[in-house]
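Undergrad: First the structure, then my questions, so here it is.
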Amino acid sequence: MNREQVIHIISDKMKLIRTENGFSQDKMAEILGISKKTLVQIEKGRTLPGWNTVVAVTALFHQSEVLQNSLGDEPLEVIRLVTFEHGVGPVNRTLGGKVWWKDIRSAGSYTLQQNLISQHYRILDPQRFRWFSTFDEKEAYHRLEELRDDRKS
């Protein structure tokens, strides 16, 4: 997934996110710091939101069911990965990925998982702390082996 894909996904879901939260177009535009005219154009598919608007929507509405169904259970993680290419941890404790994630491989006490929606990878320790995230499959496997080897030392 890349920035352009995320912009299109958020653009396609803006109206649903707004209505899910019970906001009028006026209020949603005010919250996002854009004009109502711009919001209307985005909702009608005539223009795309800028990256700042996409980040604002994701940050402010990260618990939206619409957003989670579009980007996975951690929309902010997807934004960070698209922006910075990968994340290194341990960052925060997760719920372990029962719904949004599939286990790909275990190495030592670490587990590599892939998000079923965004397709990005993460590595969790036994306490379910996220140690690494990336869209790059080879990098994910490489980091899994590094973490396993570091644990042995």
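The values are calculated or read from the model by the stated rules, or taken from the named source; none is laboratory data. Keep in mind that what you see is a predicted model, and the values were worked out from it rather than measured. Please note: Cβ atoms are built from the backbone with ideal geometry, for glycine as well, and neighbour counts cover all protein chains shown.
Undergrad: Taking H86 and the conditions (1) more than 16 Å from N2 (Cα to Cα); (2) out of contact with any Pro (no Cβ under 7 Å at 6 or more places or on another chain); (3) at pLDDT below 90, which numbered condition does it fall short on, given that it satisfies the others?
TA: Evaluating H86 over (1) more than 16 Å from N2 (Cα to Cα); (2) out of contact with any Pro (no Cβ under 7 Å at 6 or more places or on another chain); (3) at pLDDT below 90 leaves (1) as the failure.
Undergrad: Taking into account only those residues within region 95-139 that are touching a Lys or Arg at 6+ places or on another chain (Cβ under 8 Å) and β-branched (V, I, T), which is surrounded by the most Cβ atoms within 10 Å (Cβ to Cβ)?
TA: So the residue we want is I123.
Undergrad: Mind listing just one residue for me: the one in region 134-143 that is under 24 Å from P75 (Cβ atoms) and not in a loop (DSSP other than H, G, I, E, B) and, of those, nearest to the chain's Cα centre (by Cα)? It would help to see each step written out before you state the result.
TA: Step one: list which residues in region 134-143 are under 24 Å from P75 (Cβ atoms), which gives 134-137, 139-140, 143.
Pick out the ones that are also not in a loop (DSSP other than H, G, I, E, B) and you get 134, 137, 139-140, 143.
On the way: T134: 11, E137: 16, E139: 18, A140: 16, R143: 20 Å.
In this case the residue turns out to be T134.
Undergrad: Quick one: in region 124-153, which of the residues that are out of contact with any Ser or Thr (no Cβ under 7 Å at 6 or more places or on another chain) and of a type in the set (A, V, I, L, M, F, W, C) is nearest to V6 (Cα to Cα)?
TA: First, the residues of region 124-153 that are out of contact with any Ser or Thr (no Cβ under 7 Å at 6 or more places or on another chain): 127, 129, 131-139, 141-150, 152-153.
Among the residues that remain, those that are also of a type in the set (A, V, I, L, M, F, W, C) are: 129, 131-132, 135, 144, 147.
Values: F129: 25, W131: 23, F132: 20, F135: 13, L144: 26, L147: 30 Å.
Filtering region 124-153 for residues that are out of contact with any Ser or Thr (no Cβ under 7 Å at 6 or more places or on another chain) and of a type in the set (A, V, I, L, M, F, W, C), the one nearest to V6 (Cα to Cα) comes out as F135.
Undergrad: With the requirement that a residue be at pLDDT below 90 and buried (at least 16 other Cβ atoms within 10 Å of the Cβ), what does region 144-153 give you?
TA: Correct list: L147 only.
Undergrad: Right, something else. Taking the criterion of being of a type in the set (D, E, K, R), modelled with pLDDT of 90 or more and surrounded by 13 or more Cβ atoms within 10 Å (Cβ to Cβ), would at least one residue in region 51-66 satisfy it? It would help to see each step written out before you state the result.
TA: Looking only at region 51-66, we keep the residues that are of a type in the set (D, E, K, R), and these are 65.
Within this subset, residues satisfying the condition of being modelled with pLDDT of 90 or more are 65.
If we keep only those that are surrounded by 13 or more Cβ atoms within 10 Å (Cβ to Cβ) as well, we get none.
No, region 51-66 has no match at all.
Undergrad: Let me ask another. Got at least one residue in region 36-55 being outside the structural domain of N115 (by TED's automatic domain parsing), within 13 Å of the chain's Cα centre (by Cα) and without any contact (Cβ under 8 Å) to a residue 60 or more places away in the chain? Please lay out each step first, then the result.
TA: Applying the first criterion (outside the structural domain of N115 (by TED's automatic domain parsing)) to region 36-55 yields 36-55.
The next check asks that each one be within 13 Å of the chain's Cα centre (by Cα); those that pass are 54-55.
Going one step further and asking which of them are without any contact (Cβ under 8 Å) to a residue 60 or more places away in the chain, we end up with 54-55.
Yes, region 36-55 has at least one match.
Undergrad: Between S11, S70, S24, which is touching a Gly at 6+ places or on another chain (Cβ under 8 Å), hydroxyl-bearing (S, T, Y) and at pLDDT 90 or above? First the steps, then the outcome.
TA: Details: S70 fails: touching a Gly at 6+ places or on another chain (Cβ under 8 Å); S24 fails: touching a Gly at 6+ places or on another chain (Cβ under 8 Å).
Among S11, S70, S24, only S11 is touching a Gly at 6+ places or on another chain (Cβ under 8 Å), hydroxyl-bearing (S, T, Y) and at pLDDT 90 or above.
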